[in-house]
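Asker: Can you read through this structure? Questions will come right after.
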Amino acid sequence: MWGMEESVKMVCPRQFPHVALEYSLQPGLWEGRSVLSTCHWLFSSASYRANSLVVQHSFIIVLQVFVYPDNVAYPFGGEGFTQYVLMELHYDNPAMISGTVDSSGMRMYYTSTAREYDAGILTFGHDITPDQIIPPNAKSFTTTAILTGECTEAILPEDGIRVFGNFLHTHVVGHGLTVQHFRKNPECDVYEELEPIDRNLQYDFNYQQITHLKREVVIKPGDVVQLKCFYGTEGVDGVTLGGLSTRNEMCFTFLVYYPAVDFQIAISRIESSALRDYLKSLPSGDQIVNGTEIDYSKLNTVDWDVDKFQETVDESMQGAFCRGEGNAIYRVTKFPEIGCPYIAPDQCTTEATEATEGGVVLRASVALLLLLSLLAATLG
């Protein structure tokens with residue numbers, strides 16, 4: 001498969017479709033089942049837990065076309081490859097409107113000629129759990145997910161993977177995301193921060209799409225990747241918890257890359273014990289935490305110190321998990337300390353430079369461009 005196009009028929013009003021997930025099913029998982037059989041069994045089955053279900057694409061239902069590079073395609077069909085594709089649609093219908101018929105779908109474009117590289121999709125983000133807590137009335141609050149160096153070291157090939165596309169995803173109180181990239185550098189006291197893989201600081205839930213990166217980004221073994229999701233809850237009554245519903249929040253990105261490797265998912269979350277310790281320290285902590293259980297309904301009684309809670313989340317231990325087929329890694333870690341932060345080039349300097357694969361491109365300053373324009377007009 002070298003491209004795909006989303007299709008939304010107006011039979012189903014635009015406000016209903018929320019997100020579509022397209023899964024590739026490994027050989028044998030769907031055998032013996034009818035086309036119209038329910039899919040609920042799949043997500044709790046032993047086959048799913050054994051990594052037979054892989055996210056192939058994820059996107060908001062909007063009209064768009066995503067085309068792979070000329071030398072890359074997603075493998076489909078043939079012995080040992082995906083035999084079936086399962087599309088899962090999520091809907092929003094808070095008004096409980098009945099009688100709506102949906103005929104949304106997608107077109108997949110394929111070629112029978114194999115391309116040089118198979119593409120893969122890496123699902124990366126914060127675990128979908130109510131332990132992702134976003135306090136109310138916060139002008140800005142950040143959730144961070146980490147893909148550890150241990151994961152990339154164990155799973156990625158020696159030459160790494162090349163990311164060429166991405167899909168950023170939060171729900172309605174999210175207003176920005178950035179995918180950070182760190183690499184070991186002894187001169188930087190362990191890690192150097194590279195240029196962000198992707199970033200959208202004007203994120204809008206209603207305008208999401210898979211995008212091509214401006215340049216391919218190589219993630220090498222040992223690299224660390226962080227996803228930061230920025231939320232604003234001013235005017236929101238009560239806490240916002242992580243979850244699948246649009247009323248809840250998510251923090252995810254889907255990296256489209258080649259060559260494909262057995263690298264399916266990477267998620268992280270604050271260690272449960274650290275979260276419980278913080279909640280127990282609150283004046284109403286005894287009502288919120290009972291042993292290892294958290295009563296999330298009591299969180300709305302908390303007088304939140306947003307800065308203090310942000311500091312706790314950022315400095316606490318994180319449980320980080322990643323999985324490829326037959327290779328699962330779990331680490332308890334902290335977010336890395338960065339010795340050399342990334343500094344974006346000044347777009348207005350005389351010789352701002354932009355690194356490219358072929359060398360260095362020198363970009364003239366705005367003032368110089370204006371001068372040349374005036375000179376051309378004078379000579380003309």
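Readers should treat all values here as calculations from the given coordinates under stated rules, not as data from a laboratory. Keep in mind the model is a prediction, meaning the values are calculated, not measured. Every residue, glycine among them, receives a Cβ derived from its backbone with ideal geometry; neighbour counts consider all protein chains shown.
Asker: Around GLY243, what is the net charge, scoring Lys/Arg as +1 and Asp/Glu as -1 over all other residues with Cβ under 14 Å from its Cβ? Present the calculation step by step, with values, prior to reporting the outcome.
Answerer: Values: positive: ARG247, ARG269; negative: ASP92, ASP127, ASP131, GLU249.
Cβ neighbours under 14 Å give a net charge of -2.
Asker: Describe numerically, in nm with one decimal, the distance between label points set 7 Å from Cα along Cα→Cβ at LEU201 and at GLU88.
Answerer: So the two model labels end up 3.4 nm from each other.
Asker: Could you compute the net charge surrounding TYR342? Neighbours are other residues with a C-beta less than 10 Å from the C-beta of TYR342; K and R count +1, D and E count -1.
Answerer: Summing Lys and Arg as +1 and Asp and Glu as -1 gives -3.
Asker: Among LYS214/LYS308; LYS228/LYS298; LYS139/LYS184, which pairs are too far apart, with a Cα-Cα distance over 29 Å? Show your work: numbers first, answer last.
Answerer: Values: LYS214/LYS308 37 Å; LYS228/LYS298 27 Å; LYS139/LYS184 34 Å.
From LYS214/LYS308; LYS228/LYS298; LYS139/LYS184, over 29 Å: LYS214/LYS308; LYS139/LYS184.
Asker: Order the peptides 105-114, 211-220 from the highest to the lowest mean number of other Cβ atoms within 10 Å of their residues.
Answerer: Highest mean packing first, the order is 211-220, 105-114.
Asker: Taking R0 as 45 Å, what FRET efficiency do you get between ALA114 and GLU150 from their Cβ-Cβ distance, rounded to the nearest 0.05?
Answerer: In this case the efficiency is close to 0.85.
Asker: Which three extents, in whole angstrom, do the alpha-carbon atoms of the range 106-227 cover along their principal axes, largest first?
Answerer: 53, 48, 27 Å, listed from the longest principal axis down.
Asker: Related question: May I ask you to list the residues of the range 194-228 whose amide nitrogen lies under 13 Å from a point 7 Å from Cα along the Cα→beta-carbon direction of ASN185?
Answerer: Of the residues in the range 194-228, 194-196 have backbone N under 13 Å from the label point off ASN185.
Asker: Next question. What does the extension gain come out to for ALA260 and SER272, with contour length at 0.36 nm per residue minus their alpha carbon separation?
Answerer: This chain segment gains 1.0 nm when fully extended.
Asker: Would you mind counting up the charge near ALA73? Only other residues with Cβ under 11 Å from its Cβ, with Lys and Arg at +1 and Asp and Glu at -1.
Answerer: -2
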